[in-house]
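Read through the structure below, which is laid out as structure tokens, and then see the notes.
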Amino acid sequence: MKNKILLALLILSFTTYFGCSSKKEQRINDVIPVKVMKLEKEMVHKVINVSGVFTTNDETYLSFKTGGIVKSIFVNEGDKVKKGQVLAVLELNEVQAQVSQAKAGYEKALRDFERAQNLYKDSVATLAQMQDAKTGLNIATEQLTIAKYNLNHSEIKATDDGYVLKKFVNEGQLVSPGMPVFQTNGAVKDGWILKAGISDHDWSTVKIGDKAFVQSDINPKVNINAYVLRKSEGVDPYSGTFYVELKIKDDHSGKIASGLFGKAEIFPKYTSKMWSIPYQSILDGDGNTGYVFATNNMKTAEKVKVNIFALEKDSVYINRGLDNFKYLIVSGSAYLNNNSQIKVDNK
């Protein structure tokens, strides 16, 4: 009985082995039905999508040249200002006292010089004494000029037409020389720009003057005409990326604010011939590379490594890897291996 059981198991093992081998051989020799498309290069006009914040090229921090107590502030954040408009002033008692002191020193030095000059003419004073008096007068004159200059700059005036973006101090606050009091821009005159980060590959493609459409978060459905004003000459040390500046063509005063988020589409003038293929034909994509199946004889599939140039809404642009092939397999790739037998059925 035991021998009969062993014989039965041995027969079953042989049957299973040869049966599996037969099916495996059958799968290897299967002809896979596929659909193909003819590979032809076409002109590609790439659209580059970027995002960033709105700003202007002339944002300026305004401050007092001298320190002191802020007496009056005449504007608030968001106010529109005119060039030369007084925005804030300091308490002037100390500065005016310095002007009076310098003026008194100047008047004394002038009297000393006139006296030394007359005495020199009468041969009572020496030439050196007259020259020393002249030097004292020159010093006193410069000190008076400095004091008057500080008095004139104890108030802050708008450097250009624009807007107050930030107000950093309040009335009665003690400020030091050079401490920022306002941040302003000249958006009224120069208009707005969108400063946006961009990849190194797209940065190399974009050129000055390229057309762009900009959208703001306030009105995302409206395309604002713009163009590439400038591009960075190196990596931004703060963000670690390249950037471009898109100049807004039209007047959008009151509709855009500094720091507002926006996005844009850039249309580079650069064009190139490459292949446009469907998404589903790409296998094992990794960064800028992927694999496709292609064929020349319509009978055998070959697995090909390709370079992905760009991804668009409905297709993938390939710029390297398909030069030696006539047809791309667009359906049935999941069942293929390198050198698989295929049957083209484009119905």
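The values are calculated or read from the model by the stated rules, or taken from the named source; none is laboratory data. Predicted, not measured: the structure shown is a model, and the values here were computed from it. Positions of Cβ are generated from backbone atoms using ideal geometry, with glycine treated the same way; all protein chains shown enter the neighbour counts.
Data table
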read-out	value
Count - residues of region 71-106 that are without any contact (Cβ under 8 Å) to a residue 24 or more places away in the chain and assigned to a helix (DSSP H, G or I)	4
Some residue of region 193-201 being charged (D, E, K, R) and either within 15 Å of Phe54 (Cβ to Cβ) or surrounded by 17 or more Cβ atoms within 10 Å (Cβ to Cβ) (or both)	yes
Subset tally (residues that are under 20 Å from Lys35 (Cα atoms) and modelled with pLDDT of 85 or more) for region 284-316	18
Test: residue in region 295-302 that is part of a loop (DSSP other than H, G, I, E, B), among the small types (Gly, Ala, Ser) and not assigned by TED's automatic domain parsing to the domain that holds Lys195	yes
Near pairs, Cβ below 6 angstrom, 6+ apart or cross-chain, from region 335-347 (in contact (Cβ under 8 Å) with a residue 60 or more places away in the chain) to any residue that is loosely packed, with under 12 Cβ neighbours inside 10 Å	Gln341/Val31; Lys343/Val31
Which listed residue is under 18 Å from Pro177 (Cβ atoms) and surrounded by fewer than 17 Cβ atoms within 10 Å (Cβ to Cβ), from Lys103, Lys108, Lys148	Lys148
Region 254-294, residues that are in contact with a Leu (Cβ under 7 Å, 6 or more places away or on another chain) and either farther than 23 Å from Val244 by Cα or in a strand (DSSP E or B) (or both)	Gly262, Ala264, Trp275, Ile277, Ser281, Gly290, Tyr291, Val292, Phe293, Ala294
Verdict on Val244 being buried (at least 19 other Cβ atoms within 10 Å of the Cβ), in a strand (DSSP E or B) and either in contact (Cβ under 8 Å) with a residue 24 or more places away in the chain or among the polar types (S, T, N, Q) (or both)	yes
Residue within region 33-44 that is touching a strand residue (DSSP E or B) at 6+ places or on another chain (Cβ under 7 Å), under 30 Å from Gly172 (Cα atoms) and either modelled with pLDDT of 85 or more or charged (D, E, K, R) (or both) present	no
Residue within region 112-124 that is closer than 30 Å to Gly186 by Cα, outside the structural domain of Ala257 (by TED's automatic domain parsing) and more than 39 Å from the chain's Cα centre (by Cα) present	no
Search result, residues across region 294-326 that are among the hydrophobic types (A, V, I, L, M, F, W, C) and in contact (Cβ under 8 Å) with a residue 60 or more places away in the chain	Ala294, Met298, Ala301, Phe309, Ala310, Leu322, Phe325
Any hit, region 95-115, residues being within 29 Å of Val81 (Cα to Cα) and either touching a Gly at 6+ places or on another chain (Cβ under 9 Å) or not charged (D, E, K, R) (or both)	yes
Criterion violated by Thr135 - all others in (1) within 58 Å of the chain's Cα centre (by Cα); (2) of a type in the set (S, T, N, Q); (3) surrounded by 13 or more Cβ atoms within 10 Å (Cβ to Cβ) satisfied	(3)
Number of the exception - Ser253 against (1) closer than 30 Å to Thr56 by Cβ; (2) out of contact with any Gly (no Cβ under 9 Å at 6 or more places or on another chain); (3) at pLDDT below 85	(2)
